[in-house]
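Here the structure is laid out as structure tokens; the discussion comes afterwards.
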Amino acid sequence: MDLFLLCLFLPLLTVARAQYGDYYQPYGDYRGDDEWVNTYRQGFNFQCPHGQVIVAVRSTFSKKEGSDRLWNYACMPTPHNLGEPTECWWEEINRAGLQWYQTCSNNGLVAGFQSQYFPSVLDREWQFYCCRYSRKCPYSCWLTTEHPVHYGEDMDMMMYTYDHYIRGAATTFSGVERDRQWKFIVCRMTDFDCQFDSV
């Protein structure tokens, strides 16, 4: 029976591999459950390798460690139709203890995160590392559901859809729970060069 199923699904896997190339490779840069890009109450700077963007965000919360989180990210190469990034930059800092909404300017895609912990507010400030791909423009943008679903819970957000990219986030901060919920701004990108910049 297992051999029958293998013979049935192998041609489908071959077609999918030919259609999407290496885009759906395993998250090679995603670290294991016990490896994180930071330690509690410490700053960090995470950047994807050149030509890759963030596709997954994982986090765990600890009240006893200053109501802080450990963070972990996964990157994946962008498909060939986007080309190479033409420029990358750090966005403005989003201050600790405040709610905020930010997308990468200049039609950029999120390719990294930088964060610093502030014990006075038991929260972090954030910056997005953004990369622009020629004159490609975002469209069909939407907000994900809240991650985590409830304050203080573990967070595991993963991009399962081909050709959708993280462009930013909207976050709410709870002064009681001293934690954040994130909604990620996800967009598709045009296959052609466009003649305008997004806001």
Quiz item: Any residue at all in segment 83-92 that is crowded, with 20+ Cβ neighbours inside 10 Å, modelled with pLDDT of 95 or more and not hydrophobic (A, V, I, L, M, F, W, C)?
Solution: no
Quiz item: Across segment 135-152, what is the number of residues that are touching a residue at least 40 places away in the same chain (Cβ under 8 Å), at negative phi and out of contact with any Ser or Thr (no Cβ under 9 Å at 6 or more places or on another chain)?
Solution: 3
Practice problem: For segment 116-134, state whether one or more residues are without any contact (Cβ under 8 Å) to a residue 40 or more places away in the chain, of a type in the set (Ser, Thr, Tyr) and under 27 Å from residue 40 (Cα atoms). | Solution: yes
Exercise. Consider residue 23 carefully, then state whether it is surrounded by 13 or more Cβ atoms within 10 Å (Cβ to Cβ) and modelled with pLDDT under 95.
Key: yes
Practice problem: Residues being farther than 18 Å from residue 183 by Cα and open to solvent by 10 Å² or more (accessible area, probe 1.4 Å): count how many of those fall in segment 107-130. | Solution: 7
Quiz item: Looking at segment 145-199, which of its residues are at pLDDT 95 or above, more than 14 Å from the chain's Cα centre (by Cα) and charged (D, E, K, R)?
Solution: 153, 154, 177, 178, 179, 180
Quiz prompt | So residue 104, is it open to solvent by less than 30 Å² (accessible area, probe 1.4 Å) and under 17 Å from residue 186 (Cα atoms) | solution = yes
Quiz item: Which residue pairs have Cβ atoms under 7 Å apart, sit 6 or more places apart or on different chains, and have a first residue in segment 40-51 that is assigned to a loop (DSSP other than H, G, I, E, B) and a second that is modelled with pLDDT of 95 or more and β-branched (Val, Ile, Thr)?
Solution: 48/54
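The values are calculated or read from the model by the stated rules, or taken from the named source; none is laboratory data. Computed from a predicted structure; not experimentally measured. Neighbour counts are summed over all protein chains in view; Cβ atoms, including those assigned to glycine, are modelled from backbone coordinates with ideal geometry. Surface accessibility is based on the protein's heavy atoms, side chains included, excluding ligands, DNA and RNA. Shrake-Rupley method; radii C 1.70, N 1.55, O 1.52, S 1.80 Å.
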